[in-house]
Amino acid sequence: MGNKTKSELVAENSSLRARLAKLESQSPKRSLGKGTQFTKAMAERKRAQQALKDSEVRYRRLFETAKDGILLLNADTGQITDVNPFLVELLGYTRTEFLGKKLWEIGPFKDIAASQIAFRELQKKQYIRYDELPLETKNGRRSDVEFVSNVYQVNGHKVIQCNIRDITERVKAKDTIRKANQDLSLMVTELQKHEREMRLVNRMIDLLQTCKTVDEAHRVIALAAEELFPGQRGGLATMHASGQYLETVAWWGSEPLLESVFSLEDCWAMRRGQLHWVENPGTSVMCRHFVRQPETGYLCLPLVVQGETMGLFCLDAPAENSAEQSSSRNQLVVTIGEGIKVSLSNLKLRDILREQATRDPLTGLFNRRYLHDTLPRELNRALRHNAPMCLAMLDLDHFKHINDTFGHEAGDLLLRELGRALRDNVRKSDIVCRYGGEEFVLVLPDSRLEDGRKHLEKIRTQVKELPVRYGEQLLGTVTVSIGVAQSPEHGLTADDLLRAADEAMYAAKQAGRDCVVAYNNDRLSETG
């Protein structure tokens with residue numbers, strides 16, 4: 001079954017404690033006439049006690065292994081009663097330095113007045129949230145966190161739980177974008193002195209700021225350059241992801257100026273890391289990346305943002321060109337290059353932020369948030385086109401044993417390898433997500449249940465044959481339990497379909513693991 005969240009486990013604990021208290025208060029006195037009733041009551045009480053114990057064990061395990069920091073406080077005094085290992089590591093304070101202290105007595109929360117005000121507000125509203133809170137670790141390093149606190153009851157006493165998520169990298173990326181936009185705004189102010197040209201430049205930059213993809217940005221740049229440099233050939237090339245060569249992504253003029261693909265060594269501007277201006281091709285060193293050599297000169301401008309090379313802007317010179325016109329045109333090209341490189345950098349950083357928000361950092365697969373955003377949309381599309389869709393929930397068998405035997409690094413390695421195997425064995429239209437812990441979800445559009453089962457059975461077999469080596473030792477045979485459900489037969493909503501697949505996966509576990517079980521309303525059918 002799926003992992004429960006901290007809030008779900010807390011609610012479960014409270015419910016079980018209330019149930020146990022009620023049973024204890026209602027337990028009949030043992031007598032000769034009520035022996036059966038007493039026995040039933042005692043059995044029910046034992047079951048409730050065991051359920052409570054199991055729930056507390058699950059909560060403790062989640063508390064100790066959570067990848068977010070967790071603080072537990074006495075709601076009346078503000079004293080810290082517990083802290084999990086992740087927060088100890090994040091802030092650098094020992095567990096002893098936390099326990100028994102009030103929140104504002106700990107270094108990271110040393111703004112006593114603000115912390116006390118927040119504590120009183122939490123006591124009043126029973127919930128407080130800071131989307132971005134700067135904390136200072138014990139060694140003086142700044143760490144930006146997302147801070148959420150709420151109040152709940154445990155054994156009749158109010159307890160405060162503070163969840164602290166490290167968002168330092170996300171904040172850095174946002175700050176980088178903010179700084180890039182500030183640089184862009186300063187540049188726009190400078191451009192306003194050149195009337196017609198600057199009007200065109202401003203319009204180009206405005207369009208670039210609203211572009212959603214790099215392809216849109218390339219089209220905007222080509223159209224703007226056509227207006228800014230009528231009668232001239234030019235092109236924009238960007239760095240390939242490998243960093244080994246450049247690709248021409250936009251061109252303007254009567255014919256292409258740049259080769260479609262060329263080496264960094266072919267361009268003197270890229271070699272030198274600065275503008276390369278050729279006035280007279282007969283007396284200057286020439287770049288080797290042209291489809292046809294310019295006859296009247298040219299300039300190449302490398303596009304570099306904070307040490308990262310984004311690409312190259314290249315433009316040939318008009319037939320009649322004075323020294324003053326060349327200088328003015330060169331300055332205009334530099335100005336345009338500033339706008340282009342910052343915009344391209346913004347798009348890249350935006351993609352990084354989007355990737356961080358929707359990808360699981362360990363496996364590289366989509367995360368639970370992406371699934372919850374995407375699954376309803378996929379369901380609606382399938383229903384609208386009257387097309388079948390399968391959803392599978394997959395759980396790695398005996399994962400805790402692997403962690404306990406080989407360590408968490410081996411467990412992480414196994415999760416990465418499983419993620420790679422899943423990614424390599426699905427169609428482009430399929431969606432693979434890490435749902436949480438060792439659970440994964442596969443969304444298979446345009447797949448009927450029988451076809452989905454066959455495909456999942458193939459995945460199950462390939463995973464079982466997966467040789468996962470940690471250091472010099474093999475981790476043994478890896479098996480998975482898979483439950484699969486189909487829409488619309490087993491659910492019209494994302495929650496219903498996930499629930500059906502989860503029940504089928506649980507049945508696979510009950511059937512001995514290492515199998516595929518399909519949800520079928522009244523019965524569950526098994527393969528494997």
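Could you list all residues from the stretch 414-437 that are of a type in the set (A, V, I, L, M) and over 19 Å from the mean Cα position of the chain (by Cα)? Steps first, please.
Our first condition is that a residue be of a type in the set (A, V, I, L, M); within the stretch 414-437, this holds for 414-415, 418, 421-422, 426, 431-432.
Across the stretch 414-437, the qualifying residues are Leu414, Ala421, Val426.
Filtering the stretch 254-309 to residues that are of a type in the set (Lys, Arg) and in contact with an Asp or Glu (Cβ under 9 Å, 6 or more places away or on another chain) leaves Arg271, Arg288, Arg292. Looking only at residues in the stretch 310-325 that are touching a residue at least 60 places away in the same chain (Cβ under 8 Å) and out of contact with any Leu (no Cβ under 7 Å at 6 or more places or on another chain), the one that is surrounded by the fewest Cβ atoms within 10 Å (Cβ to Cβ) is Pro318.
Has the stretch 333-349 got any residue that is surrounded by 20 or more Cβ atoms within 10 Å (Cβ to Cβ), part of a strand (DSSP E or B) and among the small types (Gly, Ala, Ser)? No, there is no match, as no residue in the stretch 333-349 is surrounded by 20 or more Cβ atoms within 10 Å (Cβ to Cβ), part of a strand (DSSP E or B) and among the small types (Gly, Ala, Ser). Considering the conditions (1) free of Cβ contacts under 8 Å to residues at least 60 places away in the same chain; (2) within 22 Å of Asp183 (Cβ to Cβ); (3) out of contact with any Gly (no Cβ under 8 Å at 6 or more places or on another chain), Gly282 is excluded by exactly one of them, (2).
Selection of the stretch 345-363 for residues being of a type in the set (Ser, Thr, Tyr) and more than 19 Å from Glu216 (Cβ to Cβ) yields Thr358, Thr363.
Evaluating Ser328 against the criteria (1) part of a helix (DSSP H, G or I); (2) crowded, with 21+ Cβ neighbours inside 10 Å; (3) free of Cβ contacts under 8 Å to residues at least 40 places away in the same chain leaves one unmet condition, (2).
All conditions but one from (1) at pLDDT below 85; (2) over 22 Å from Leu349 (Cα atoms) apply to Glu227; the one that does not is (1). Put simply, of Lys67, Lys40 the only residue that is among the basic types (Lys, Arg), at pLDDT 70 or above and touching a helix residue (DSSP H, G or I) at 6+ places or on another chain (Cβ under 8 Å) is Lys67. Being exposed (fewer than 13 other Cβ atoms within 10 Å of the Cβ) and either at pLDDT below 85 or out of contact with any His (no Cβ under 9 Å at 6 or more places or on another chain) (or both) holds for only one residue in Lys124, Lys158, and it is Lys124.
Let's see how each residue does on (1) more than 23 Å from Ala504 (Cβ to Cβ); (2) not assigned by TED's automatic domain parsing to the domain that holds Ala421:
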| site | (1), (2) |
| --- | --- |
| Leu362 | yes, yes |
| Asp373 | yes, no |
| Pro376 | no, no |
| Ala382 | no, no |
| Cys390 | no, no |
| Asp395 | no, no |
| Lys400 | no, no |
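Within the stretch 257-296, the set of residues being crowded, with 19+ Cβ neighbours inside 10 Å and part of a loop (DSSP other than H, G, I, E, B) comprises Leu257, Cys267, Cys287, His289, Pro294. Within the stretch 81-107, residues that are more than 23 Å from Val151 (Cβ to Cβ) reach partners that are among the acidic types (Asp, Glu) and surrounded by fewer than 17 Cβ atoms within 10 Å (Cβ to Cβ) with beta carbons closer than 7 Å, at six or more positions or on different chains, in the pairs Pro85/Glu64; Gly107/Glu136. Just one of the numbered conditions (1) over 21 Å from Arg350 (Cα atoms); (2) in contact with an Asp or Glu (Cβ under 9 Å, 6 or more places away or on another chain) is not true of Glu136: (2).
The values are calculated or read from the model by the stated rules, or taken from the named source; none is laboratory data. Remember, it's a predicted structure, so these values are computed and weren't measured experimentally. Ideal geometry is used to build each Cβ from the backbone, glycine not excepted, and the neighbour counts take in all protein chains shown.
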